[in-house]
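Visitor: Okay, handing you the structure first.
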Amino acid sequence: MSYVPQRPARGEQLPLRQLNVHVNCWGQPAPGSVPLVLVHGWMDVGASYQFMVDALSADFADRRLIIAPDWRGFGQTTLAAPCDHYVFADYLGDLDALIDHYAPDGQQVDLVGHSMGGNVVMQYAGARPARIRRLVNLEGFGMPASRPAQAPRRLAQWLDELKQLRQGEISLKTYPDADAVARRLTKTNPRLPADKAAWLARQWARPGADGQWRILGDAAHKIVNPSLFRVDEMLALYAAITAPVLVIEGSDDSLSQWWKGRYSLDEFHERLKAVPALSRQVLPDSGHMLHHDQPERLARALEAFLDAP
């Protein structure tokens, strides 16, 4: 049996920045409330937040607008024309246009980002500090520090991967049916219950004309970023954030598992010292997909932080 959402989302399509942006919406704004904006990570979709939204208390969820867009090239958000790579700064531009739509005239929002989305919201809050009332970063760690000497090799890698994409050597795996997609989700995250995996599979992938199920993500997202990650620039953005910031990490330390000594939680925590008003929590019994692993605990943590005086 598939999961049945307790608070079904309503879908909206918005023309923003040459995109047709799909937005999952819950609730209605009450007088004096600010929108809660939830942005997802790489190879994910806005519907991924459904379990956490369902776990929010009625007192919290029923008095504000909650939105979760699909980033460009993911989910049901489409571009005016195909592209062969994605630029990180465009995520900030898309988010700025989205916030202008749902919070016009310079209104503030509460902003939550997971993984890649966590990196986006940290940078956005440094560039647009006046637009953010409170900020939550869910496992958005940034990248290992780079060196200028890496630039020639990185650009060469980018050029090579563009060629590989043109030749069809870079693609996304297909699946025979939705059950196979669900098994893929639970293999990646063993904590994900089968009923939630069955529901999420149908938000995360769709069948094509050939009957094969494909992830709702553009293969061009797999192309390496041609620009190096510069820690000094990131620290300047962190330092410019004026909103209170809550960083929530899963207990599994996925960062160390990914980078194998090239980048650690200790280094990430050192960077966070640049944030003027920071608190940090570790969510027990959770991995990188903590909004799937512990939606109830995460919902309580968000409510306590966002509703604090």
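Where a number appears in this text, it was derived from the coordinates with a stated rule and is not lab data. None of these values were measured; they are calculated from a predicted model. Cβ coordinates were reconstructed from backbone atoms using ideal geometry, including for glycine residues, and neighbour counts include every protein chain displayed.
Visitor: With respect to LEU192, is the statement that it is crowded, with 17+ Cβ neighbours inside 10 Å, of a type in the set (A, V, I, L, M, F, W, C) and out of contact with any Gly (no Cβ under 9 Å at 6 or more places or on another chain) true?
Guide: yes
Visitor: Can you name every residue in the range 42-74 that is basic (Lys, Arg) and surrounded by fewer than 23 Cβ atoms within 10 Å (Cβ to Cβ)?
Guide: Within the range 42-74, ARG63, ARG64 qualify.
Visitor: Looking at the range 11-27, can you tell me whether even one residue there is assigned to a loop (DSSP other than H, G, I, E, B) and either within 15 Å of the chain's Cα centre (by Cα) or under 18 Å from GLU303 (Cα atoms) (or both)?
Guide: Scanning the range 11-27, I find at least one residue that is assigned to a loop (DSSP other than H, G, I, E, B) and either within 15 Å of the chain's Cα centre (by Cα) or under 18 Å from GLU303 (Cα atoms) (or both), so the answer is yes.
Visitor: For the range 84-96, name all the residues that are over 30 Å from ARG280 (Cβ atoms) and surrounded by 15 or more Cβ atoms within 10 Å (Cβ to Cβ).
Guide: Within the range 84-96, HIS85 is the sole residue that qualifies.
Visitor: Might you let me know whether the range 261-280 holds any residue that is touching a Pro at 6+ places or on another chain (Cβ under 7 Å), in contact (Cβ under 8 Å) with a residue 60 or more places away in the chain and either within 30 Å of ALA149 (Cα to Cα) or surrounded by fewer than 17 Cβ atoms within 10 Å (Cβ to Cβ) (or both)? Quick ask: steps written out before the conclusion?
Guide: First pass over the range 261-280, keeping only residues touching a Pro at 6+ places or on another chain (Cβ under 7 Å): 262-263, 277.
Still in the running and in contact (Cβ under 8 Å) with a residue 60 or more places away in the chain: 262-263.
Narrowing further to those that are either within 30 Å of ALA149 (Cα to Cα) or surrounded by fewer than 17 Cβ atoms within 10 Å (Cβ to Cβ) (or both): 262-263.
Within the range 261-280, one or more residues are touching a Pro at 6+ places or on another chain (Cβ under 7 Å), in contact (Cβ under 8 Å) with a residue 60 or more places away in the chain and either within 30 Å of ALA149 (Cα to Cα) or surrounded by fewer than 17 Cβ atoms within 10 Å (Cβ to Cβ) (or both).
Visitor: Mind checking which residues of the range 28-40 are farther than 22 Å from LEU298 by Cβ and among the small types (Gly, Ala, Ser)?
Guide: ALA30, GLY32
Visitor: Here is a list of conditions, (1) closer than 30 Å to LEU159 by Cα; (2) free of Cβ contacts under 8 Å to residues at least 24 places away in the same chain; (3) over 19 Å from the mean Cα position of the chain (by Cα); (4) surrounded by fewer than 14 Cβ atoms within 10 Å (Cβ to Cβ), and TRP258 meets all of them except one; can you say which number that is?
Guide: In the conditions (1) closer than 30 Å to LEU159 by Cα; (2) free of Cβ contacts under 8 Å to residues at least 24 places away in the same chain; (3) over 19 Å from the mean Cα position of the chain (by Cα); (4) surrounded by fewer than 14 Cβ atoms within 10 Å (Cβ to Cβ), TRP258 misses (3) alone.
Visitor: Considering only the range 146-159, I want to know if a residue exists there that is within 30 Å of SER279 (Cβ to Cβ) and surrounded by 14 or more Cβ atoms within 10 Å (Cβ to Cβ).
Guide: Checking the range 146-159: at least one residue is within 30 Å of SER279 (Cβ to Cβ) and surrounded by 14 or more Cβ atoms within 10 Å (Cβ to Cβ).
Visitor: Hey, another quick one. Out of ARG154, ARG133, which single residue is assigned to a strand (DSSP E or B) and either over 13 Å from the mean Cα position of the chain (by Cα) or polar (S, T, N, Q) (or both)?
Guide: ARG133
Visitor: Would it be correct to say that LEU111 is closer than 29 Å to LEU228 by Cα, of a type outside the set (Gly, Ala, Ser), buried (at least 23 other Cβ atoms within 10 Å of the Cβ) and touching a residue at least 24 places away in the same chain (Cβ under 8 Å)?
Guide: The answer is yes for LEU111.
Visitor: Determine, yes or no, whether ALA239 is of a type in the set (Gly, Ala, Ser) and farther than 30 Å from TRP158 by Cβ.
Guide: no
Visitor: For the structure I just gave you, tell me whether ARG202 is free of Cβ contacts under 8 Å to residues at least 24 places away in the same chain, closer than 21 Å to MET43 by Cβ, surrounded by fewer than 19 Cβ atoms within 10 Å (Cβ to Cβ) and not polar (S, T, N, Q).
Guide: no
Visitor: Go through the residues of the range 66-79 one by one and say whether even a single one is more than 12 Å from VAL23 (Cα to Cα), touching a residue at least 60 places away in the same chain (Cβ under 8 Å) and either aliphatic (A, V, I, L, M) or in contact with a Lys or Arg (Cβ under 6 Å, 6 or more places away or on another chain) (or both).
Guide: There is at least one residue in the range 66-79 that is more than 12 Å from VAL23 (Cα to Cα), touching a residue at least 60 places away in the same chain (Cβ under 8 Å) and either aliphatic (A, V, I, L, M) or in contact with a Lys or Arg (Cβ under 6 Å, 6 or more places away or on another chain) (or both).
Visitor: A follow-up question, please. Name every residue in the range 91-108 that is assigned to a helix (DSSP H, G or I) and without any contact (Cβ under 8 Å) to a residue 60 or more places away in the chain, in order of residue number. Even if it seems obvious, please write down each step before you answer.
Guide: Taking the range 91-108 first, the residues assigned to a helix (DSSP H, G or I) are 91-102.
TYR91, LEU92, LEU95, ASP96, ASP100, listed by residue number.
Visitor: If ALA30 meets every condition in (1) within 20 Å of the chain's Cα centre (by Cα); (2) without any contact (Cβ under 8 Å) to a residue 60 or more places away in the chain; (3) surrounded by fewer than 19 Cβ atoms within 10 Å (Cβ to Cβ) apart from one, which number is that one?
Guide: Exception for ALA30: condition (1).
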